[in-house]
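The values are calculated or read from the model by the stated rules, or taken from the named source; none is laboratory data. Here the structure is a predicted model, which means the values were calculated and not measured. Cβ sites come from the backbone with ideal geometry, for glycine too, and all protein chains shown count toward neighbours. Remember, those area values only see protein heavy atoms, side chains included, never the ligands or the DNA or RNA. Shrake-Rupley method; radii C 1.70, N 1.55, O 1.52, S 1.80 Å.
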Amino acid sequence: MSDKLILPEHIGIIMDGNGRWAKKRGLPRNAGHKKGAEVFENISRYCRDLGIKWLTVYAFSTENWKRPKDEVDGIMNLMKGYLKNMASARNEHIAVRFIGDRTPFDAELTELMEKAENADVGEVITTVQIALNYGGRDEIVHSVREIAKKVAEGEISPESINEDTISKNLYSGTPECDLIVRPSGEERLSNFLLWESAYSEFVFMDVLWPDFTKEDLDKALLEYSKRNRRFGGV
Ligand code: IPE
Ligand code: IPE
Ligand code: MG
């Protein structure tokens with residue numbers, strides 16, 4: 001990638017199309033999730049190599065519990081496997097944090113998540129936020145609850161609540177997402193980063209996530225670089 005490009009500080013990716021990728025090959029859906037998880041690791045490293053500050057990936061939505069139990073279990077086991085591997089990984093300069101509601105997860109997964117978040121990764125270049133049991137609406141509800149607690153305790157007054165208060169009480173460590181990429185051909189947000197996407201640029205791509213390559217990310221970044229972001233100005 002040429003360094004004349006204007007790179008986003010924060011990229012969000014809706015990692016979609018795993019099921020269709022598997023179906024095309026006559027494989028079980030979980031084979032698509034497995035390949036998708038490998039692509040996620042490669043793309044995280046590529047973002048690090050490009051010096052992208054934040055990468056938020058949609059791994060499991062608050063709506064995905066509707067799927068068959070064996071698929072949900074398969075996704076959670078893949079996540080555990082990834083986190084176990086990570087614990088033994090070298091200095092990758094990639095910090096991991098999770099956004100979403102952790103309450104339904106078992107103790108093993110919760111501990112692995114915390115371990116990953118506290119791991120020493122050396123100097124942080126990229127922070128990867130994994131959206132797991134994440135919903136944009138749930139995140140706003142979470143923020144409102146946190147604020148309500150502070151009001152009830154007399155810590156803040158209702159009049160002092162502004163956009164910044166909502167932003168600071170979200171799960172996410174960053175209130176703005178510059179670019180949202182969705183592979184798989186679907187052109188919707190599916191409850192991803194509702195608050196953070198107020199001024200995001202969107203790039204929808206036909207490739208399925210397990211087939212997504214660095215070159216596909218380059219294409220999305222090139223497209224982003226050509227956009228004229230006005231934020232309501234002229
Ligand atoms: C995205 O791929 C992964 C998750 C939602 C967990 P899908 O599983 O939604 O793949 P498609 O959309 O059925 O192809
Ligand atoms: C969004 O994809 C969630 C993730 C990629 C984790 P879905 O496949 O669940 O979204 P819909 O159902 O097509 O809107
Ligand atoms: Mg899907």
Only one of (1) crowded, with 22+ Cβ neighbours inside 10 Å; (2) over 23 Å from Gly185 (Cβ atoms) is not met by Tyr82, so which one is it? (1)
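Can you name the residue in the stretch 59-77 that is of a type in the set (Val, Ile, Thr) and either farther than 18 Å from Arg102 by Cα or open to solvent by less than 30 Å² (accessible area, probe 1.4 Å) (or both) and is also nearest to ligand 2 (Cβ to nearest atom) among such residues? If you could, list the steps in order and put the result at the bottom.
Taking the stretch 59-77 first, the residues of a type in the set (Val, Ile, Thr) are 62, 72, 75.
Still in the running and either farther than 18 Å from Arg102 by Cα or open to solvent by less than 30 Å² (accessible area, probe 1.4 Å) (or both): 72, 75.
Numbers: Val72: 12, Ile75: 9 Å.
Of everything passing the filter in the stretch 59-77, Ile75 is nearest to ligand 2 (Cβ to nearest atom).
Which of the residues spanning the stretch 205-234 are part of a helix (DSSP H, G or I), of a type outside the set (Ser, Thr, Tyr) and touching a residue at least 40 places away in the same chain (Cβ under 8 Å)? Explain how you work it out, then say what you get.
The initial filter retains those residues of the stretch 205-234 that are part of a helix (DSSP H, G or I), namely 209-211, 214-226.
Now restrict to residues that are of a type outside the set (Ser, Thr, Tyr): 209-211, 214-223, 226.
Once the filter is applied, which keeps residues that are part of a helix (DSSP H, G or I), of a type outside the set (Ser, Thr, Tyr) and touching a residue at least 40 places away in the same chain (Cβ under 8 Å), the stretch 205-234 yields Trp209, Pro210, Asp211, Lys214, Leu217, Asp218, Ala220, Leu221, Leu222.
Go through the stretch 33-58 and give me each residue that's open to solvent by less than 60 Å² (accessible area, probe 1.4 Å) and more than 22 Å from Gly135 (Cβ to Cβ).
Val39, Glu41, Ile43, Ser44, Tyr46, Cys47, Arg48, Leu50, Gly51, Ile52 - these are the residues of the stretch 33-58 that are open to solvent by less than 60 Å² (accessible area, probe 1.4 Å) and more than 22 Å from Gly135 (Cβ to Cβ).
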Please go through the stretch 111-120 and give me each residue that is closer than 23 Å to Asn77 by Cα and open to solvent by 20 Å² or more (accessible area, probe 1.4 Å), ordered by number. Glu111, Leu112, Glu114, Lys115, Glu117, Asn118, Ala119
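Which residue out of Glu201, Glu196, Glu153, Glu187 is more than 16 Å from ligand 3 (Cβ to nearest atom) and over 16 Å from the mean Cα position of the chain (by Cα)?
Values: Glu201 fails: over 16 Å from the mean Cα position of the chain (by Cα); Glu196 fails: over 16 Å from the mean Cα position of the chain (by Cα); Glu187 fails: more than 16 Å from ligand 3 (Cβ to nearest atom).
From the options Glu201, Glu196, Glu153, Glu187, the qualifying one is Glu153.
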Out of everything in the stretch 2-23 that is in contact with a helix residue (DSSP H, G or I) (Cβ under 6 Å, 6 or more places away or on another chain) and either of a type in the set (A, V, I, L, M) or open to solvent by 70 Å² or more (accessible area, probe 1.4 Å) (or both), what residue ends up being nearest to Val181 (Cα to Cα)? Met15
Scan (1) more than 7 Å from ligand 1 (Cβ to nearest atom); (2) open to solvent by 20 Å² or more (accessible area, probe 1.4 Å); (3) of a type in the set (Gly, Ala, Ser); (4) in contact with a strand residue (DSSP E or B) (Cβ under 9 Å, 6 or more places away or on another chain) for the single condition Gly26 breaks and write down its number. (4)
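Is it the case, given these coordinates, that Ile52 is over 21 Å from Trp209 (Cα atoms), of a type in the set (Val, Ile, Thr) and in contact (Cβ under 8 Å) with a residue 60 or more places away in the chain? Give the derivation first.
Numbers: over 21 Å from Trp209 (Cα atoms): no; of a type in the set (Val, Ile, Thr): yes; in contact (Cβ under 8 Å) with a residue 60 or more places away in the chain: yes.
Here the answer is no, as Ile52 does not meet what is asked.
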Looking at the stretch 7-23, which of its residues are more than 16 Å from ligand 2 (Cβ to nearest atom) and either within 23 Å of Met79 (Cβ to Cβ) or more than 21 Å from the chain's Cα centre (by Cα) (or both)? His10
Being within 30 Å of Lys23 (Cα to Cα) and part of a loop (DSSP other than H, G, I, E, B) narrows Gly173, Gly122, Gly185 down to just Gly185
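Working carefully through the options Ile13, Ile94, Ile99, find the one that is in contact (Cβ under 8 Å) with a residue 40 or more places away in the chain and more than 16 Å from ligand 1 (Cβ to nearest atom). Write out each step before concluding.
Values: Ile13 fails: more than 16 Å from ligand 1 (Cβ to nearest atom); Ile99 fails: more than 16 Å from ligand 1 (Cβ to nearest atom).
Result: Ile94 is the single residue among Ile13, Ile94, Ile99 that is in contact (Cβ under 8 Å) with a residue 40 or more places away in the chain and more than 16 Å from ligand 1 (Cβ to nearest atom).
Look through Phe202, Phe192 and report the one residue that is in contact (Cβ under 8 Å) with a residue 12 or more places away in the chain and assigned to a loop (DSSP other than H, G, I, E, B).
Criteria check complete, one pass: Phe192.
So which residues in the stretch 153-170 are assigned to a helix (DSSP H, G or I) and not β-branched (Val, Ile, Thr)?
So in the stretch 153-170, the residues assigned to a helix (DSSP H, G or I) come out as 158-160, 163-168.
Matches in the stretch 153-170: Pro158, Glu159, Ser160, Glu163, Asp164, Ser167, Lys168.
Here's the yes/no breakdown for (1) under 17 Å from Trp195 (Cβ atoms); (2) basic (Lys, Arg); (3) not in a strand (DSSP E or B):
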| site | (1), (2), (3) |
| --- | --- |
| Phe60 | no, no, no |
| Gly74 | no, no, yes |
| Thr127 | no, no, no |
| Arg145 | yes, yes, yes |
